[in-house]
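Reviewing the structure listed below.
The values are calculated or read from the model by the stated rules, or taken from the named source; none is laboratory data. What you see is a predicted model; the values in this text were computed from it and never measured. Because the Cβ atoms are built from the backbone with ideal geometry, glycine has one as well, and the counts that use them run over all protein chains shown.
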Amino acid sequence: MVATTLTPVTVLTGFLGSGKTTLLNAVLHDPRYADTAVIVNEFGDIPIDHTLVRRASEDVVVLSGGCICCRVAGDLVQALRDLHFKRAANQVPAFRRAVIETTGLADPAPLLATLVEMPLVAARYALAGVVTTVDGVHGGRSLDQHPEAVKQVAVADRLVVTKADLAPAASLEALERRLAALNPAAARIRAVRGQLDAAWLFDTGLHRHDGSRADVAGWLGAGAWRSFAPDSVRGPHDERIRSFTWTREDPVAWEALENALETLLELRGERILRVKGLVHVAGEPGPIAVHAVQHTLYPPARLAEWPDNDHRTRLVFITRDLERDAVAPMLDSFTPHTPES
């Protein structure tokens with residue numbers, strides 16, 4: 001479990017028409033998630049008129065089920081700040097989690113970085129996970145034509161393949177093989193006949209709204225990267241995505257590795273989509289969980305225990321036009337072996 005008083009945030013991304021709105025509607029109408037703030041680009045994206053209770057401001061409305069719906073209005077940081085202070089002032093119901101919907105054409109990496117780069121946000125919110133919807137009928141075409149769609153898949157913790165009942169079986173299987181090649185560690189779920197469970201949006205990462213034990217091994221997914229051998233189902237933008245794992249058998253000095261990561265992100269951050277890892281630090285009973293996006297290293301989380309018997313340091317990199325050979329030597333040079341005390 002990762003102890004935190006921060007509000008967990010799920011980022012919902014996916015290309016145009018891939019089913020994000022349907023999934024958001026599932027949240028807004030599910031009583032299990034009444035204490036959720038949903039942040040959208042425009043109120044017109046979801047039908048709220050018949051469930052509107054009151055407007056807390058021009059950009060924030062309270063719905064009958066208890067959910068709060070907030071319009072970004074071009075400034076995500078301001079939207080998150082306003083929600084926090086409205087909650088503190090009892091102007092909106094208390095919410096325990098938040099969902100941020102991106103536009104269909106959005107590159108998700110800068111948004112993920114915003115959650116930690118901006119002090120006003122980082123002091124109050126924590127990234128809980130990234131969920132990407134993929135159109136089961138047209139998803140392959142989107143991946144072929146739009147590099148943003150490929151990046152949305154590559155950074156996901158969970159992939160929801162929508163319209164699975166409308167796609168021919170052979171093309172759906174080919175799409176899922178392609179998704180596995182881009183991101184084998186992400187859990188994949190098929191949505192049939194538009195049935196989307198709001199639960200698919202939550203508990204995908206280390207920060208959980210109810211304080212329950214996180215699936216750390218699943219979050220890291222290092223085994224999936226090792227065992228998956230991609231086949232020929234690749235597109236023109238897929239080839240630019242790389243994934244690899246950097247490991248160390250012996251404990252490392254945390255300060256040295258932190259400096260190495262910060263230097264790497266400063267020099268190569270524009271090509272680093274996401275980094276997730278567990279670090280074995282001498283003298284610590286459990287690992288330090290590491291998470292980075294582009295130029296930004298998230299605050300480390302000390303875990304009480306290891307998720308399995310593998311106590312090696314493992315960092316999983318998802319990159320664009322960046323090979324392992326350009327990353328590993330820098331990390332190796334900064335991290336001399338530190339024997340157990």
* Asked: Within region 179-192, which residues are touching a residue at least 60 places away in the same chain (Cβ under 8 Å) and surrounded by fewer than 23 Cβ atoms within 10 Å (Cβ to Cβ)?
  -> 185, 191
* Test each condition in (1) buried (at least 17 other Cβ atoms within 10 Å of the Cβ); (2) of a type outside the set (Ser, Thr, Tyr); (3) in a loop (DSSP other than H, G, I, E, B) for residue 283 and report the one that comes out false. => (1)
* Residue in region 149-168 that is buried (at least 19 other Cβ atoms within 10 Å of the Cβ), more than 26 Å from residue 241 (Cβ to Cβ) and at pLDDT below 95 present -> no
* Residue that is under 26 Å from residue 32 (Cβ atoms), touching a helix residue (DSSP H, G or I) at 6+ places or on another chain (Cβ under 7 Å), among the small types (Gly, Ala, Ser) and in contact (Cβ under 8 Å) with a residue 40 or more places away in the chain, where the choices are 94, 149, 126 -> 94
* Could you tell me whether region 186-209 includes any residue that is touching a Gly at 6+ places or on another chain (Cβ under 9 Å), aromatic (Phe, Trp, Tyr), within 24 Å of residue 291 (Cα to Cα) and not assigned by TED's automatic domain parsing to the domain that holds residue 304? => yes
* Structure fact -> Of (1) at pLDDT 70 or above; (2) more than 21 Å from the chain's Cα centre (by Cα); (3) within 20 Å of residue 203 (Cβ to Cβ), residue 37 satisfies every one except (2)
* Take residue 268 and decide whether it is assigned to a helix (DSSP H, G or I), within 22 Å of residue 183 (Cα to Cα) and in contact (Cβ under 8 Å) with a residue 24 or more places away in the chain. => yes
* Out of all the residues in region 147-174, which are among the aliphatic types (A, V, I, L, M) and over 28 Å from residue 291 (Cα atoms)? -> 164, 166, 167, 169, 170, 172, 174
* Could you list, in sequence order, all residues of region 252-276 that are touching a Phe, Trp or Tyr at 6+ places or on another chain (Cβ under 8 Å) and either more than 25 Å from residue 152 (Cβ to Cβ) or of a type outside the set (D, E, K, R) (or both)? => 256, 257, 259, 260, 263, 272, 275
* Candidates 82, 30 - the one that is of a type in the set (D, E, K, R), out of contact with any strand residue (DSSP E or B) (no Cβ under 7 Å at 6 or more places or on another chain) and at pLDDT 70 or above -> 30
* Residues being closer than 26 Å to residue 16 by Cβ, out of contact with any Asp or Glu (no Cβ under 9 Å at 6 or more places or on another chain) and either of a type outside the set (Ser, Thr, Tyr) or not assigned by TED's automatic domain parsing to the domain that holds residue 21 (or both) - total across region 111-132 -> 5
* May I ask you to say which residue of 199, 174, 109 is surrounded by fewer than 17 Cβ atoms within 10 Å (Cβ to Cβ), of a type outside the set (Phe, Trp, Tyr) and at pLDDT below 90? => 199
* Structure fact -> The correct count of residues that are surrounded by fewer than 20 Cβ atoms within 10 Å (Cβ to Cβ) and either at pLDDT 80 or above or in a helix (DSSP H, G or I) (or both) in region 202-218 is 2
